[in-house]
Ligand SMILES: [Zn+2]
């Protein structure tokens, strides 16, 4: 069994106080520093110490040291005066006792004496008020520092050659965050905060960045001629009276007291198409909400109507939106179309059509109806299966199961050969898709 104390004495990890005091002395000879800013330079020493405590402890040790040196006449009155001017207490006290003069200490080179417990508390109170005003529980603190302060910080760090210092930004974020948590009961969250409060160090103003609420679910559109987002033409006139985006915004803006509601959907159907079946996957982004904790049951009641409705099953994320709009939108889709044929068709012809379009690759150039908006590209998609239901010799319903991103109207009429093969091409007659419904949108 070793003697603990003896081990400690032999250990080479024991703090080298000579080095620490020497460094503190050389830095205070050059720069006036408050307890906070000096304490941060020695951040690796001690545990559970605030920087102001650590800074004052270093100054105290240095004062003890200097007093011994003064007694031995190894430090002059002039040298102590400089340290008292730059370090303030407890050097000024020592100076007054020895030389009977009050020394006016200089302002901190880095923070200009701004840092104090009182300052942290005031900022924390303002920040907490702002957060509570937006009903935020999980928060993050950010600090915006003027570049000249960052430069000064760097200058002092480099001078000292210390490896483990703490930055001013970090001290503020940590101390203010701690007060907000302990005094106001809010919870810091580094990964997914409901809001971030940014402190501008130059003028102490606070800027709140409220994170949006992301709700995931599906939507249905039971009417036709409803656009995805408000559709306004070049003359500034509305082309369609209503949009899905507006429906969700009108339904939810008030209950969340939000600035805006944005619809992110996995693909979109044509204006004249209905969205039936299992609905289309979507994420609703509630921007700058003042109320965050709205019961999802209530949300679901509010987004129900005859024409458009939605169902929210939980909260979502940015990554999920990316997926739904990217990879997810390429998943298989099911459509139902009502088709009019220029010539009469027999049941056998429709049977042959079904046979032909089993696992059939389709080459599509960008449809001429959207060429003005989109680049002319060739895309290859697949029809997995179709099923026809003849209603009369010239009209039939068709169910189409195909890969995502296939333009189904063009699959019917062929778009003057830009889509091939097409129903028109195979049946040898002009076909007109009259009505289109989306039935299934596969997304995981
Ligand atoms: Zn300072």
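Taken together, the values in this text are just the output of simple stated rules run on the coordinates, not laboratory data. Not measured: the values here are computed from a predicted model. FYI the Cβ positions are ideal-geometry reconstructions off the backbone, even for glycines, and counts take in every protein chain you see.
If R0 is 60 Å, what FRET efficiency do you get for residue 369 and residue 160 from their C-beta distance, rounded to 0.05?
For residue 369 and residue 160, the calculated efficiency is 0.30.
In deg cm²/dmol, rounded to 500, what helix-only [θ] at 222 nm does the chain give when every DSSP H run of at least 4 residues adds -39500 (n - 2.57) and the total is split over its residues?
Details: 15 runs with 166 residues, N = 444.
After summing the helix terms and dividing by the residues of the chain, the value is -11500 deg cm²/dmol.
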Exercise for the section: Between 292, 318, 280, find the one with the highest GNM mean-square fluctuation for the chain; connect C-alpha pairs within less than 10 Å. Expected result: 318
Practice task
Return, for the Cα atoms of the chain, the radius of gyration and Dmax in Å, separated by a comma.
Solution key: 35.8, 118
Fill in the blank from the handout: Per GNM of the chain with C-alpha springs under 10 angstrom, the most fluctuating residue out of 188, 421, 147 is 147
Exercise for the section: Output the antiparallel fraction of DSSP beta bridges having both residues in the chain, as a percent to the nearest 5. Expected result: 85
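Rounded to the nearest 0.05, what FRET efficiency do residue 16 and residue 126 give with R0 = 35 Å and r taken as the Cβ-Cβ distance? Could you check? Can you show the working numbers first?
Numbers: r = 42 Å, r/R0 = 1.20.
Efficiency computed from Cβ-Cβ geometry: 0.25.
Given R₀ = 41 Å, FRET efficiency for residue 104-residue 325 by Cβ-Cβ distance, to 0.05?
On the way: r = 64 Å, r/R0 = 1.55.
The value I calculate is 0.05.
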Exercise for the section: Consider all pairwise Cα distances in region 12-99 and report the whole-number % of them above 24 Å. Expected result: 16
Problem - Cβ-based exposure ranking for 231, 220, in which fewest neighbours within 10 Å come first - result: 231, 220
Problem - Label point distance in nm, residue 234-residue 300, each placed 7 Å from Cα along Cα→Cβ - result: 4.6
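Which percent, to the nearest 5, of DSSP beta bridges fully inside region 187-321 are antiparallel?
Counting only bridges with both partners in region 187-321, antiparallel ones make up about 95 percent.
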Handout entry: region 66-118: relative contact order as a whole-number percent, Cα under 8 Å and 6+ apart
Key = 26
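If you take every DSSP beta bridge whose two residues both sit in region 117-209, what share of them, in percent to the nearest 5, is antiparallel? Mind showing how you got there, number by number?
Numbers: 5 of 13 bridges.
For region 117-209, the DSSP antiparallel bridge percentage is about 40.
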Exercise for the section: Kindly rank 212-219, 236-243, 337-344 from highest to lowest mean number of other beta carbons found within 10 Å of each residue. Expected result: 212-219, 337-344, 236-243
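Peptides 31-37, 123-129: what's the order by average Cβ count within 10 Å, highest mean first?
31-37, 123-129
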Fill in the blank from the handout: For the chain, longest principal axis from Cα atoms; helix 51-71 axis from its Cα atoms; angle between them, nearest 10 degrees, is 20
Fill in the blank from the handout: Footprinting proxy, 144, 251: sorted fewest to most Cβ within 10 Å, the residues are 144, 251
Exercise for the section: Please determine, in degrees from 0 to 90 and to the nearest 10, the orientation of helix 17-30 with respect to the longest principal axis defined by the Cα atoms of the chain, where the helix direction is its Cα long axis. Expected result: 90
Handout entry: Range of Cα positions in region 213-329 per principal axis (Å), largest first
Key = 39, 30, 26
Problem - Debye log10 I(q)/I(0) at q = 0.12, 0.14, 0.17 Å⁻¹ for region 331-441, Cα point scatterers - result: -0.37, -0.50, -0.75
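Restricting to Cα pairs below 8 Å that are 6+ residues apart, what does the relative contact order work out to for the chain? Please round to a whole percent.
Working: 793 pairs, mean separation 52.0, N = 444.
Result for the chain is 12 percent.
Would you mind giving the three semi-axes, in whole Å and largest first, of the ellipsoid equivalent to region 42-189 according to its Cα gyration tensor? Write out the running numbers ahead of the final one.
On the way: eigenvalues 264, 52, 41 Å².
Ellipsoid semi-axes (Å, largest first): 36, 16, 14.
What list do you get for 202, 309, 116 if you sort them by fewest beta carbons within 10 Å? Please list the in-between numbers first.
Details: 202 11, 309 17, 116 14.
Ordered from fewest to most neighbouring Cβ atoms within 10 Å, 202, 309, 116 come out as 202, 116, 309.
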